[in-house]
Structure formats: structure tokens, C-alpha cells
Amino acid sequence: MAKIALAIHGGAGTILKSKMTPDLEREYTGGLEAALKVGWKILEKGGSSLDAVESAVASLEDFPLFNAGRGSVFTHEGKNEMDAAIMDGKTRRAGAVAFVRNVRNPIALARLVMEKTEHVLLAGEGANQFASEMHVPLEPDEYFFTEHRWLQLQDAIATGRVQLDHADAPKFVFSNQQAKGTVGAVACDGKGYLAAATSTGGMTNKKFGRVGDTALIGAGTYADDVCAVSCTGHGEFFMLGVTAYDVAARMKYKKLSLKDAAGETVGRLTEIGGDGGLIAVDAKGNVVLPFNSEGMYRGYIVKGKIVTDIYKG
């Protein structure tokens, strides 16, 4: 029986302890721990890695401080458009959605794309139509409205920029809700099967139908029989680096360990100007969480022990 393992992330970027209040830090840690417990409960009972990562990510989507699901950022038009992807390392099948609106848990819809269609990626109107046909839980616009996200949009519009959620905080300070980045999970189950899942609300003030790396298999999300990877950061660079698959390729073709492969991949990301990190697990239950930014919301469970962290070092 393989060593079961689970790791999650809630975004990476300029996350400084000097700008974090104790109460806010406890909120973030609580959100990470809750997601880990949900996924771990499935693995402990002999459940699949696929079920574990979907459940862990759904928990993070329901938590309003992270930029996914309920806490998603606003586009230039003041809408919430979400992307998500999931991949089963055992079957090499994957499902993803982009530009979905009003879907409570985009990660669940991504899995339905994988299991109920012959496609990998559905986007926009078609993805929303598919959601209705599958009767996935939908929520009104008000469910996704959070004041701090709306203020982020107004600041981004006023300064004429597209705001990366994991970038340095804007000039105003949120009282107790300052969310950061994409969310994701990777797992190894008792049979040694791997899975990865990632979900995001994208970029504040994004225009022109921009899609990041999250929904692109091999860029932000990937799983096979060697490793499972979920990425977070400036998506354009993760696409250019085919970052999630790059970890698996280094393990397969250079015969590197998970730690060395992931380290080289993040090093390459740095070389091309990318900012962020990734979480990865291999078929032996080893876990790594490397990043090149000031911080990354992250956590893992191995042998039943929960570990969470936010800052560098």
C-alpha cells in the first residue's frame, strides 16, 4: 500500500508577515486546515486521490479569502469569471472549464467535463450551458460579491492596470479580508494513484477574455503515474514554461527526484521572469511545495500530521 499524502495551496506572491494581522493569519490558516482535513478524511478511508483533490479544492472555493469560487476577483466589467481543471493520473484523463459564471464550485464542473464529455476544456457560454444541463449548484451574483474584491477592482480601474491577486497589496488596507491567488490540491492515495486540481477567479480588471494557466492541462495542472502538480502565480509565465508538465518531464527523462525536478522547474520559471510556485506529490507519497515569491499559502498532510505555512523561509 502506498503512503497517502495531500498538499494544497491558496496562492503565491508578495505575502509579507509585516502586513498580516494575527487575526487574518488565523483565518487563512483555518481555511487551509479545513481543506486539508476534508481531503485527508477521504484518503484515510481508502478513497481516491481524485475525490480527495476535488473535495479539498471545493473547500477552498467556498472560503471567501482565496481567489476562487466565492472569493473570486472581478473582471473589468464587474463580473466574476472562474477557471478550474482536474486531472486523474491513473487514467490520464482531464477536465477543465474557463469563463464560467455563477457556478458554486467550478472544480466539480471540471470533473464533469472529464467524466461526462469527450472533451477536455469547455469555456464561456458553452461551459455555463453544460453546467445547467448537469444541474450543478449555481449561486446568484450576490454570493460571489465580497467588498474587498470590489475595492480591488475600483483601485485597478483607477490606476489603469490589471491586478494580479498575488501581487503586492494595493494602497488601501482591507480590514480582515485580503485574499491572494489561485487554489489547488495534489494527492497520492493508498493505491499509489495521483491526481491534481486547480481553481481560480483570474485577475482583477482582466479584459479581452484573458485565460490563465489554471485551466490549461500541462501549464497549471497536471497528473500522471509519476507526479501530480498544481501551480499558482503569474499564469502567462506558467503557460510559457509548460510548468506543471515540466516537473513530470524532468522526473521521467532526467530521472530526477520529485524535489530536484520541482526545484529545477521553479528555477526555470525564475529565469523566464515568472513569479509564483507549485505543489507536487509523487507515487511514493513524497510532497514538495517550492516557490520563488515572498510567500505562498500552503499546507500538507503526511502520516496524519497537518503542516501549514504562509511565508518564505
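Report, by residue number, each residue of the range 181-233 that is under 19 Å from residue 265 (Cβ atoms), assigned to a strand (DSSP E or B) and polar (S, T, N, Q). Scanning the range 181-233 gives 198, 221, 230, 232. Among the strands (runs of 3 or more DSSP E) confined to the range 50-148, the ones with at least 2 residues that are hydrophobic (A, V, I, L, M, F, W, C) and in contact with an Asp or Glu (Cβ under 9 Å, 6 or more places away or on another chain) are located at 82-88, 93-100. Per the conditions (1) under 15 Å from residue 310 (Cα atoms); (2) aliphatic (A, V, I, L, M); (3) buried (at least 24 other Cβ atoms within 10 Å of the Cβ), the sole criterion not satisfied by residue 16 is (3). When 216, 269, 289, 240 are checked against the criterion of being surrounded by 21 or more Cβ atoms within 10 Å (Cβ to Cβ), without any contact (Cβ under 8 Å) to a residue 40 or more places away in the chain and not charged (D, E, K, R), a single residue qualifies: 269. Look at residue 1 and say whether it is over 23 Å from residue 189 (Cβ atoms), over 18 Å from the mean Cα position of the chain (by Cα) and either crowded, with 24+ Cβ neighbours inside 10 Å or in contact (Cβ under 8 Å) with a residue 24 or more places away in the chain (or both). So residue 1 fails the test.
Restricting 79, 45 to those that are free of Cβ contacts under 8 Å to residues at least 12 places away in the same chain and not hydroxyl-bearing (Ser, Thr, Tyr) reduces the list to 45.
Listed here are the residues, each with its yes/no results for (1) polar (S, T, N, Q); (2) outside any helix (DSSP H, G or I); (3) within 22 Å of residue 50 (Cα to Cα).
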{"position": "247", "(1), (2), (3)": "no, no, yes"}
{"position": "260", "(1), (2), (3)": "no, no, no"}
{"position": "267", "(1), (2), (3)": "no, no, no"}
{"position": "273", "(1), (2), (3)": "no, yes, no"}
{"position": "280", "(1), (2), (3)": "no, yes, yes"}
{"position": "297", "(1), (2), (3)": "no, yes, yes"}
{"position": "310", "(1), (2), (3)": "no, yes, no"}
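Restricted to the range 222-249, and to residues that are among the β-branched types (Val, Ile, Thr) and in contact with a Cys (Cβ under 7 Å, 6 or more places away or on another chain), which residue is farthest from residue 275 (Cα to Cα)? It comes out as 247.
For the range 73-87, the count of residues that are basic (Lys, Arg) and surrounded by 17 or more Cβ atoms within 10 Å (Cβ to Cβ) is zero. Residues in the range 272-286 that are over 16 Å from residue 181 (Cα atoms), touching a helix residue (DSSP H, G or I) at 6+ places or on another chain (Cβ under 9 Å) and either crowded, with 16+ Cβ neighbours inside 10 Å or without any contact (Cβ under 8 Å) to a residue 60 or more places away in the chain (or both): 272, 273, 280, 281, 282, 286. Here residue 108 fits the description: at pLDDT 95 or above, among the hydrophobic types (A, V, I, L, M, F, W, C) and more than 12 Å from residue 215 (Cα to Cα).
The values are calculated or read from the model by the stated rules, or taken from the named source; none is laboratory data. Since the model is a prediction, treat every value here as computed from it, not as a measurement. All Cβ positions, even for glycine, are placed from backbone atoms using ideal geometry, and neighbour counts span all protein chains on display.
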